[in-house]
Amino acid sequence: MIQQNSISRRLFVGANAVFLAALSILCIFPLVHVLAVSFSSSSAATAGQVGLWPVQFTTESYSFVIAEPAFLRSIGVSLQRVLLGVTLNMLLGVLLAYPLAKEAREFRWRTFYVWIFVFTMLFSGGLIPSYIVVQQTGLTGSIWALVVPSAVNVFNVILMLNFIRGIPKELFEASYIDGAGHWTTLWRIVVPVSGPVIATVTLFAIVYHWNEWFNGLIYMDRPEKYPLQSYLQTIIVQKNFSEIASQDLSLLGQVSDRTVKAAQIFLGSLPILCVYPFLQGYFMTGIVMGSVKE
């Protein structure tokens with residue numbers, strides 16, 4: 001009986017492994033195809049000859065994209081947005097999660113404030129009121145219009161406060177007995193112990209600020225101020241290769257609308273692909289421990 005259970009378990013684990021491997025390959029295929037198209041010639045991409053390997057390998061599409069000053073300028077705007085946005089998200093998130101993680105007897109108005117934040121997750125003023133607020137506060141056209149409206153992410157705050165509530169109370173008691181106040185306890189005890197959930201929330205914030213494109217279109221008053229994703233969106237929609245100067249017509253043999261779009265998409269996703277593996281080890285731990293409370 002025990003041997004039969006062992007065989008059944010191994011078959012189940014093997015089937016799961018095969019299924020997950022096949023699912024992973026299916027998820028990777030689109031990205032590999034886009035990468036192959038970006039390195040293929042215009043004629044091969046237009047004829048639909050590109051699969052998972054470049055046809056008539058060329059890097060002209062990347063040269064064409066990177067040579068545009070607007071592309072490099074938009075990368076600078078996105079990097080600035082990620083730096084400011086993630087810093088503000090994490091600072092405000094930690095400062096909110098710590099008091100909200102306290103018991104009601106320690107923080108009398110805790111439940112009231114928690115429900116206020118939960119309400120904002122369920123209901124919002126909508127696009128027009130949000131735009132009016134940004135405009136009336138004078139943020140339109142500045143980098144802060146991309147950062148301040150999303151400075152507090154309630155979902156991330158809830159993840160952090162549930163994680164903090166799972167920290168043994170003995171650590172807090174020992175800190176208070178040693179004479180530490182709330183600020184010292186927060187930065188010397190809570191933050192170092194909360195590494196997994198902080199890494200997870202940081203990943204969420206980086207992905208959001210790097211990939212978000214709509215706010216750049218509505219809050220920036222000039223295309224020169226667009227972050228990368230907003231710039232790529234306008235280029236992908238509006239790019240007209242009939243306007244290429246006569247001296248650049250030779251590029252049409254190697255560059256097309258499809259190959260340039262593929263190069264732009266891959267370049268736009270590359271930073272996240274580079275960051276994610278370093279934070280993946282904390283991802284599941286932070287999600288599981290931050291979504292379950294005692």
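A quarter of the convex hull surface defined by the alpha-carbon atoms of the chain gives 23.0 nm² as the mean projection. Highest average first, the peptides 58-65, 155-162 ordered by how many other beta carbon atoms sit within 10 Å of their residues are 155-162, 58-65.
Near Asn16, once Lys and Arg are set to +1 and Asp and Glu to -1 for all other residues with Cβ below 13 Å from its Cβ, the sum equals +2. Between the stretch 76-106 and the stretch 138-154, the alpha-carbon centres lie 14 Å apart. Under a Gaussian network description of the chain, with springs only between Cα atoms under 10 Å, the residue in Leu84, Leu127, Leu270 that fluctuates furthest is Leu127. Which of rounded, prolate, oblate describes the stretch 1-157, given a ≥ b ≥ c as roots of the alpha-carbon gyration tensor eigenvalues and a/c under 1.5 marking rounded, otherwise prolate only if a/b is larger than b/c? Here the stretch 1-157 falls in the oblate category.
As a test of the formula, what do you get for the chain when each DSSP H run with n ≥ 4 contributes -39,500 (n - 2.57) and the sum is divided by the residue count, at 222 nm and rounded to the nearest 500 deg cm²/dmol?
Working: 14 runs with 202 residues, N = 294.
-22500 deg cm²/dmol, from helical runs alone.
Taking other residues whose beta carbon is less than 10 angstrom from the beta carbon of Thr46, and scoring Lys, Arg as +1 and Asp, Glu as -1, yields 0. Using only Cα atoms and rounding to the nearest 10 degrees, what angle (0 to 90) does helix 257-291 make with the longest principal axis of the chain? The two axes meet at around 10 degrees. Of interest is the spacing of the C-alpha centroids, which for the stretch 1-51 and the stretch 167-216 amounts to 36 Å.
Relative protection proxy for 27-37, 196-206, from highest mean packing down: 196-206, 27-37 (other beta-carbon atoms within 10 angstrom).
Only the coordinates and a few stated rules stand behind these numbers; no lab work does. Just so we're clear, the structure is a prediction, and the values are computed from it rather than from any experiment. Every residue, glycine as well, gets a Cβ built from its backbone with ideal geometry; the counts of neighbours run over all protein chains shown.
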